[in-house]
Structure formats: C-alpha cells, structure tokens
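The values are calculated or read from the model by the stated rules, or taken from the named source; none is laboratory data. On a predicted model such as this, the values are computed, not experimentally measured, just so you know. Every residue, glycine among them, receives a Cβ derived from its backbone with ideal geometry; neighbour counts consider all protein chains shown.
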C-alpha cells in the first residue's frame with residue numbers, strides 16, 4: 001500500500017473512531033459483537049473474518065468498554081475501505097487529488113458514518129469490494145503478478161464474509177482472468193490463492209464444535225455448514241420477499257442513494273463513462289449494479305434500516321474519483337497547477353460534508369437499546385422464559401448474557417427459531433426446567449411452561465407472530481408482555497427509554513408501542529390501543545404503517561371519517577403498501593364514500609387480484625344494487641381463498657335474498 005493510500009485510510013479511520021458510538025447500538029450489533037467477543041458463530045454466513053478482526057480489536061484496544069472497542073473495529077474496516085478506494089481510483093488512472101476526493105465522498109456518506117461507527121459487517125464488505133476493484137485495476141502492470149495473487153486470496157476470503165460478496169467475487173475473477181490472459185502461468189497461483197483464502201470458512205465448524213454460547217445454526221457438521229453458508233433458514237423466513245422484483249424497494253434504494261450521497265452518484269456515473277473503454281473498466285459499473293440488484297431484489301428487508309448499499313457506494317466512490325479526474329482534464333483545468341486540482345477535489349469533499357452534516361441524525365447512534373435491555377433483565381424473575389422476536393431484543397440480550405455475563409438464568413429464545421435444535425438446545429442444556437417439553441422440530445406448543453400460570457414468561461409481541469401460542473395471563477410490562485405482572489403498565493413507555501433516541505431507537509420504540517396497540521385491540525380495549533398507536537406516531541410521524549395502525553383503531557372505535565383521513569395519510573406516505581390501500585377503501589366505504597373506495601379497489605385488483613380486495617369490492621357492488629357484479633367478485637375471491645370471510649358472508653346473503661324473491 002502506498003503512503004498516500006495509508007494516509008487517506010488513517011484519516012477516515014480517525015474520523016469514524018472519533019464518531020464511534022460509546023456503547024452497544026441497535027439491530028444486529030449485539031449478536032455480531034457477542035459472536036466476535038467469544039469467537040462464536042454469528043448469523044449466516046457466519047462472518048469469520050469479521051469475528052476474528054473484531055475480537056482482536058476488543059482484546060488489544062485498552063480504552064472503553066467492549067462495545068466501544070467493537071465499534072472501533074468497524075472504524076478499522078472503514079479505514080481499509082477508504083484506502084482501497086483511493087488505490088483503485090489511482091489504478092484506473094486518477095491522480096492523487098481526484099482519488100482522495102473519491103475516498104472523501106465515501107467517508108462523508110451516511111452509510112459509512114452509520115456502519116463505520118457501530119458493530120456491523122458492512123464496512124468490511126465495502127473494504128473487500130474496493131480491494132477487489134483495486135487488484136483488478138492494478139493487474140497487468142509491468143508483469144507484476146502480486147495483485148493477481150492478492151485478488152485470488154481476497155476472492156477466497158470473501159466466502160467468509162457477506163453473502164453479496166460471492167456474487168461480486170465471480171465478476172472480479174472474470175475481470176482478473178481477462179486482464180492476465182497473456183500470463184497464463186499466473187492462473188494456477190490465483191486459483192491456489194483463492195482456495196487458501198477460502199479456508200477461512202473452516203472457522204465455522206471448528207468454533208461451532210467448541211460449543212460457544214453464540215452458535216447460530218451449529219455449522220459443526222457438513223450439512224450444517226452448507227445450510228449456514230447458503231442462508232437457507234433466512235431465505236425460508238423471508239421467502240415471500242426474497243428474490244422478488246419490488247418496485248417499492250427500488251424506489252427506496254434510489255431515494256436513499258440520491259438523498260444520502262448525490263455528489264458521489266453524479267460523479268460516479270461520470271467516472272463510469274470515462275473508464276468504460278479501459279481494460280477492466282466495465283467492472284466498476286457492474287459492481288454497483290450487482291449491489292443495487294442485491295439490495296432491491298435479494299435482500300430488500302435490509303433497506304428500511306439502511307443496511308444495504310455500502311459496497312455499491314464503494315464502487316461509486318471509485319468512479320467519483322475518476323469523475324473528478326475527468327473534470328480536471330477537461331478544458332482549462334487540464335493545464336492548471338496541481339494546487340488548483342487539489343482545491344477542486346477538496347471542494348467536492350467539502351460539498352459532500354455540507355450535504356451530510358445536516359443529516360447527521362441518520363448516523364448518530366444512541367444508547368436507547370442499553371436502557372431497554374437493562375429494563376428487561378431487571379424486571380424478569382429467576383429462570384424466566386423470555387421469548388423474543390425482534391433483532392433488537394435478541395441481539396441485545398445475547399450481548400448482555402455472553403459479553404457482560406449478566407442474567408445467565410434467563411432462557412432467551414427467538415420464537416421464530418424455536419423448532420431448530422441448533423438455536424434451542426444450548427439453552428435447554430443450561431436451563432432444562434425452563435425449556436421443559438421442548439424437542440427438535442416442535443413448535444411453541446411443546447413448551448410446557450407456557451401453559452403453567454405460575455412460570456414467569458416474557459413475550460415480545462410482533463405483528464401477529466405465533467399469536468395462537470401466546471400464553472394466557474400476559475400483561476403489558478414495556479417492552480414485553482409478561483407474567484407475572486401486578487398491573488398493566490401505562491401506554492406511554494418510561495421517559496428514560498425515549499430520551500435522546502435517534503432514528504433506529506425511535507423506530508424500535510414505535511414498533512413496541514404498535515405491538516402494545518395490537519395487543520390491546522385484540523383484547524377489545526380500543527381506547528388503549530388508540531393511545532398506543534398515537535404514541536408510536538409521535539415517534540415516527542412520517543411512517544405510513546403508524547398511520548395505518550391508527551386508522552384501524554379509529555375504525556374500531558366507530559370514528560370512520562377520522563379513520564378514512566388517517567388511512568388516506570398512510571397511503572400518501574406509503575403508496576406501495578397494498579394493505580394500507582385496502583384499509584383506505586374499507587374505511588372510505590364505512591365513511592359513506594363508496595365511489596372513492598370502489599376506485600381504489602379497482603386499482604388494486606387491476607394490479608393484482610386478491611381475495612380481500614375482491615370481497616370488499618363485492619360488498620360495495622352489492623350495497624349499490626349490482627348483485628350480479630357482487631356475486632362475480634365473491635366467487636373470484638373464494639376461488640383464491642375458499643375461507644375468505646367477507647366473500648362467504650356475501651354469497652350467503654345473496655342466497656337468502658334469492659330465496660326471499662322466490
């Protein structure tokens with residue numbers, strides 16, 4: 001690595017280090033950090049390189065708590081990514097000032113400042129992407145085959161990091177082999193280097209065999225390793241969203257990219273065009289395209305939390321460096337002194353900073369999760385069975401138990417994983433009384449403690465998940481439903497939990513409030529449900545989902561005009577949310593505006609006929625006197641779902657009417 005590249009990396013690493021979150025943050029940070037702290041196995045594909053690097057930083061850095069040191073490990077990855085972006089831009093023909101500008105645009109993007117300051121895997125993915133592009137750009141220079149060997153080794157290492165890198169690795173190898181076709185003697189060394197790098201996956205069965213606390217999926221066997229590497233359980237869990245061309249996800253990705261780093265995008269595409277005819281230049285736009293397709297079709301679940309886009313942004317940043325170079329070589333700037341070139345490059349970075357700083361809230365981490373986890377562990381009785389559903393509670397409690405050694409008596413189980421032996425067996429071995437009745441492949445119904453009123457239970461609500469298995473006697477104890485509980489807690493969460501929250505914290509708190517609202521609605525306590533939904537809306541006023549929830553409570557209270565207005569607001573904020581649009585039609589009908597309801601249903605059915613939409617349109621047609629049209633809609637709805645309640649009731653009503661006519 002050249003000295004300028006090292007200096008660029010040092011500057012970016014120092015920036016992320018200074019902004020590093022002081023402790024544990026939301027989402028997967030606790031689970032990833034816990035796996036790294038004990039050299040365990042994280043969620044697929046396991047991230048052995050990440051675990052090793054983060055573990056090393058946690059042990060070697062002498063300041064801060066373990067979470068802060070884990071956050072510094074992400075700053076180290078950010079430094080490597082920036083250095084590789086600088087090197088790649090230089091390898092494809094940019095001068096130092098232009099290459100530094102590309103790295104600066106990357107460093108001042110919301111994604112880098114979010115993931116480079118918390119325990120996450122995405123800065124590592126960006127670093128490996130940029131390093132692969134750098135190696136391809138450096139190939140074929142003076143017969144030096146070291147970049148080729150580095151390329152092969154890096155492709156192998158990619159198998160031990162993010163799943164997206166496997167898609168990218170194929171492109172990189174194709175481009176690399178094309179660059180060295182005049183040096184056939186290098187092909188086998190590259191392949192051997194790739195195999196050696198790929199041995200990193202052996203970390204997974206070796207560490208799983210040591211039975212750590214964090215042993216996601218237990219890849220100690222060949223079958224377990226295969227399932228872990230291909231993420232079969234995650235794909236199964238998100239089968240309805242995985243691999244679909246989602247226009248809403250594409251729109252969200254575009255808004256995030258253009259709203260977060262517009263200058264990097266603009267200059268990046270200029271650079272893509274400038275380098276298109278150079279050897280290997282096609283790889284830069286191809287790398288961005290792979291990332292865009294992964295973010296919007298293979299993993300759209302990560303978009304709402306800004307977990308997608310960083311590897312693609314690394315490719316754009318390299319292109320931005322080349323775009324700045326293209327501007328510097330155009331017209332009078334080509335003859336300007338180097339000082340002018342550096343001034344132009346610095347101006348681009350300054351502009352990116354001025355754009356990002358007002359949006360600082362997007363990447364400032366808060367300590368809300370720490371307060372929530374403290375509240376959970378402080379209020380649970382000994383050997384309580386704690387059934388969680390969100391990444392926040394699952395990861396936060398994993399950190400608390402594994403890293404801090406707190407409350408090992410709590411039997412924490414992710415409800416979605418209850419039938420998997422690799423997830424529950426370690427807990428059942430430690431706490432057999434709490435998990436009495438459990439066996440591999442069984443559902444929640446096998447847990448005898450759920451049916452025993454005297455056994456303490458903590459239950460995290462989650463959008464109807466496992467509602468049938470929810471035990472009786474639970475009462476609200478924020479953020480969980482709990483047993484025993486002397487009295488229901490107020491709808492408003494304790495003020496200390498809501499203090500100083502950033503976007504991720506507000507979303508998490510709003511999710512828990514929405515769960516509380518659905519719990520109260522199912523129990524028939526409509527005013528309490530409405531209060532919970534309103535409180536969630538104060539945390540996320542621009543969320544279509546929160547407005548849709550409020551509309552449901554208003555309709556349940558018989559306040560149909562207000563329900564229609566709330567549903568209309570939900571549709572305006574989330575026009576791709578078909579459920580919100582269906583609810584708008586329903587509430588508009590109840591408010592007396594059948595024409596608006598019918599128009600929305602016609603649009604929904606024209607896009608994709610569904611049983612609920614057809615049944616509701618049948619009701620509107622029947623109310624308007626079009627009995628033949630109503631019967632046609634009811635029959636179409638029952639053809640899609642024979643148990644659709646409105647369609648069944650509508651058909652029965654029409655039959656009675658025909659009988660009366662006879």
Within segment 206-223, take every residue that is part of a helix (DSSP H, G or I) and surrounded by fewer than 19 Cβ atoms within 10 Å (Cβ to Cβ) and give me the one that is modelled with the highest pLDDT.
206
If I filter segment 593-616 for residues that are outside the structural domain of residue 251 (by TED's automatic domain parsing), in a loop (DSSP other than H, G, I, E, B) and either within 26 Å of residue 540 (Cα to Cα) or free of Cβ contacts under 8 Å to residues at least 12 places away in the same chain (or both), do I get at least one hit?
no
For segment 642-660, does any single residue satisfy the condition of being at pLDDT 90 or above, over 25 Å from residue 591 (Cβ atoms), touching a helix residue (DSSP H, G or I) at 6+ places or on another chain (Cβ under 7 Å) and not in a helix (DSSP H, G or I)?
no
What number of residues within segment 444-463 are over 21 Å from residue 518 (Cβ atoms) and either at pLDDT 90 or above or not in a helix (DSSP H, G or I) (or both)?
6
Need the failing condition index for residue 289 against (1) more than 26 Å from residue 350 (Cα to Cα); (2) at pLDDT below 90; (3) surrounded by fewer than 21 Cβ atoms within 10 Å (Cβ to Cβ), just the number.
(2)
Out of the residues in segment 499-518 that are over 22 Å from the mean Cα position of the chain (by Cα) and at pLDDT below 90, state the one that is nearest to residue 110 (Cα to Cα).
500
So residue 473 fits all but one of (1) farther than 16 Å from residue 410 by Cβ; (2) within 31 Å of the chain's Cα centre (by Cα); (3) touching a residue at least 12 places away in the same chain (Cβ under 8 Å); what number is the exception?
(2)
With 152, 170, 198, 137 as the choices, which residue is surrounded by fewer than 22 Cβ atoms within 10 Å (Cβ to Cβ), assigned to a helix (DSSP H, G or I) and at pLDDT 80 or above?
198
Helices (runs of 4 or more DSSP H) lying entirely in segment 477-586 (those with 2 or more residues that are in contact (Cβ under 8 Å) with a residue 12 or more places away in the chain and crowded, with 20+ Cβ neighbours inside 10 Å)
503-522, 526-539, 544-556, 560-573
So, in segment 212-222, of the ones that are in contact with a helix residue (DSSP H, G or I) (Cβ under 7 Å, 6 or more places away or on another chain) and in contact (Cβ under 8 Å) with a residue 24 or more places away in the chain, which residue ends up farthest from residue 46 (Cα to Cα)?
213
